[in-house]
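Undergrad: There's a structure below that I have some questions on.
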Amino acid sequence: MRIKAAVIGNPISHSLSPVIHNYFLNKNNIDGNYEAIRIEEHKFEESILKLVEENYKGFNITIPYKESIIKLCNNLSNTAKFIGAVNTVYVTEDKKLFGHNSDCDGFMNNLKKEIVSLDLNGKTAFVIGAGGASRAVIYSLIKEGVSQIKICNRSVDRVKKIIDDFKVISKANKCNIEYLDNKNFWINLKICDILINTTSLGMAEHKPLEFDLSKLKDDAIVCDIIYKPLETNLLIEAKKNGNKVVNGLGMLIEQALVGFEMWFKTKASYDKELYKILIDQYGRK
Ligand code: ATR
């Protein structure tokens with residue numbers, strides 16, 4: 001039987017997920033289908049339940065439903081619980097919904113692929129942002145053994161909430177998480193081993209990110225989870241400084257592959273051809 005999956009959100013036409021999943025379905029000769037489905041807010045619950053009845057094997061969930069899907073899930077992965085958002089749902093044989101968040105593994109799997117000798121054990125990470133993506137990145141950093149995480153964000157409350165929510169796991173993993181205001185964040189970059197922008201600042205048609213890399217060591221890694229443009233100003237400047245840089249496109253693909261494996265029972269890995277196809281889509285989406 002044809003395996004069906006979908007990405008659900010509103011708006012959804014911009015989503016690159018169908019391109020990614022259908023590429024891997026074709027490449028692996030799998031009889032499956034992955035489509036983008038726009039659901040209106042007032043019909044969210046009934047629409048999800050209808051898709052489950054129609055034997056969908058799972059979904060990606062995107063804006064604005066990553067939190068509202070939680071109450072429809074029968075079980076959540078620990079990762080989804082920590083992050084407080086679900087972007088991947090697996091429908092079990094008895095039609096129960098298992099909610100997971102693949103941004104965490106998506107970020108770290110890609111980082112390991114891009115930086116071959118990566119060793120974050122005992123290192124210091126600087127994170128810009130305190131939204132859902134930031135929580136996923138922070139969870140992955142803690143699991144990877146970083147000993148210090150410094151966060152700056154426009155809304156201080158959200159950083160405080162992260163520190164509170166991650167208190168137990170950060171203590172267990174001997175990781176100290178601290179808020180730094182904007183000024184102190186950039187001044188202290190001399191102790192930073194990895195800098196990650198998790199905000200939408202710097203994305204095409206968004207406000208730019210204001211940054212100052214003058215104190216950054218030249219062996220620090222600089223990541224941006226933005227993939228449009230592929231090279232944000234942050235990455236362009238970091239490259240000029242001699243830093244290794246990682247853009248957001250690999251993370252987008254890696255997070256998709258977590259769901260792909262759950263639904264289509266096939267482990268796929270990405271190649272440069274998909275990269276080219278996705279960049280080509282930028283003009284159209
Ligand atoms: P996501 O799930 O993609 O992380 P989000 O939870 O809305 O999305 O988080 C967006 C992040 O970008 C937050 O850190 C947000 O800062 P606030 O927590 O202060 O809202 C940041 N961000 C978005 N627009 C911003 C802006 N104009 N100036 C500063 N920060 C911004």
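Please treat every number below as a calculation from the coordinates, not as lab data. Please read these numbers as outputs of a predicted model, since none were measured by experiment. Positions of Cβ are generated from backbone atoms using ideal geometry, with glycine treated the same way; all protein chains shown enter the neighbour counts.
Undergrad: What full-extension length gain, to one decimal in nm, is calculated for LEU230 and HIS14 as 0.36 nm per residue of separation minus the Cα-Cα distance?
TA: 76.2 nm
Undergrad: Using a Gaussian network model of the chain with C-alpha springs under 10 Å, which one of LYS27, LYS244, LYS150 is most mobile by mean-square fluctuation?
TA: Answer for the Gaussian network model of the chain: LYS27.
Undergrad: Could you estimate the translational diffusion coefficient of the chain from the Stokes-Einstein equation, with Rh from the Kirkwood formula over C-alpha pairs, at 10 °C and 1.306 mPa s, in whole µm²/s?
TA: D = 81 µm²/s.
Undergrad: At what distance in angstrom do the alpha carbon centres of the range 1-27 and the range 54-79 lie from each other?
TA: 15
Undergrad: Something else now. Mind pulling the angle between the C-alpha long axis of helix 44-53 and the longest principal axis of the chain? Nearest 10 degrees, somewhere in 0 to 90.
TA: Helix 44-53 and the main axis of the chain meet at about 50 degrees.
Undergrad: Listed here are the pairs LYS167/LYS207; LYS4/LYS112; LYS123/LYS215; LYS66/LYS207; LYS57/LYS207; which of them are more than 27 Å apart at the Cα?
TA: Pairs exceeding 27 Å: LYS167/LYS207; LYS4/LYS112; LYS57/LYS207.
Undergrad: Still on this structure, I have one more. Does anyone have the angle between helix 272-281 and the longest principal axis of the chain? Alpha-carbon axes, 0 to 90°, nearest 10?
TA: Approximately 80 degrees, to the nearest ten.
Undergrad: Compactness ratio of the range 89-151: Cα Rg over 2.2 N^0.38 Å, N = residue count?
TA: After normalising by residue count via 2.2 N^0.38 Å, the value is 1.35.
Undergrad: Past the 12 angstrom mark, what percentage of all C-alpha to C-alpha distances in the range 231-277 do you count?
TA: Of all Cα-Cα distances in the range 231-277, 68 percent exceed 12 Å.
Undergrad: What distance in nm separates the simple spin-label points at ARG38 and ASN22, each placed 7 Å from Cα in the Cβ direction?
TA: So the label points at ARG38 and ASN22 sit 1.7 nm apart.
Undergrad: If every alpha-carbon in the range 164-285 counts as one equal scatterer, what log10 I(q)/I(0) does Debye give at q = 0.19, 0.21, 0.23 1/Å?
TA: -1.15, -1.22, -1.28
Undergrad: Now, a different point. State, as an integer percentage, the relative contact order of the chain based on alpha-carbon contacts under 8 Å between residues 6 or more apart.
TA: 17
Undergrad: Please list, in chain and number order, the residues 5+ apart from GLY58 or on another chain whose amide H is under 5 Å from its amide H, with Hs placed from the backbone.
TA: For GLY58, whose amide H was placed from the backbone, the distant partners under 5 Å are ALA6, VAL91.
Undergrad: Could you work out how much longer the chain between LYS81 and LYS167 gets when fully extended? Use 0.36 nm per residue separation minus the Cα distance between them, nm to one decimal.
TA: This chain segment gains 29.6 nm when fully extended.
Undergrad: Let me ask you something else. Which stretch or stretches of the range 209-233 have amide N atoms under 19 Å from the point lying 7 Å from LYS240's Cα along the Cα→Cβ direction?
TA: 209-224, 229-233
Undergrad: Please list, in order along the range 28-37, the HN-Hα scalar couplings obtained from phi with the Karplus expression 6.51 cos²θ - 1.76 cosθ + 1.60 (θ = phi - 60°), rounded to whole Hz, x for Gly and Pro.
TA: Result, rounded to whole Hz: 9, 6, 9, 7, x, 8, 9, 10, 9, 10.
Undergrad: Now a separate question. At q = 0.15 Å⁻¹, what base-10 log of I(q)/I(0) does the Debye formula yield for the range 1-132 when every alpha carbon is treated as an equal point scatterer in vacuo?
TA: -0.81
Undergrad: While we're here: Over 25 Å between Cα atoms, which of LYS217/LYS267; LYS150/LYS239; LYS171/LYS240; LYS190/LYS239 qualify?
TA: Beyond 25 Å between Cα atoms: LYS217/LYS267; LYS171/LYS240.
Undergrad: Can you tell me the Rg and Dmax of the range 1-63, counting just the alpha carbons, in angstroms?
TA: Computed over the Cα atoms of the range 1-63, radius of gyration and Dmax are 11.9, 37 Å.
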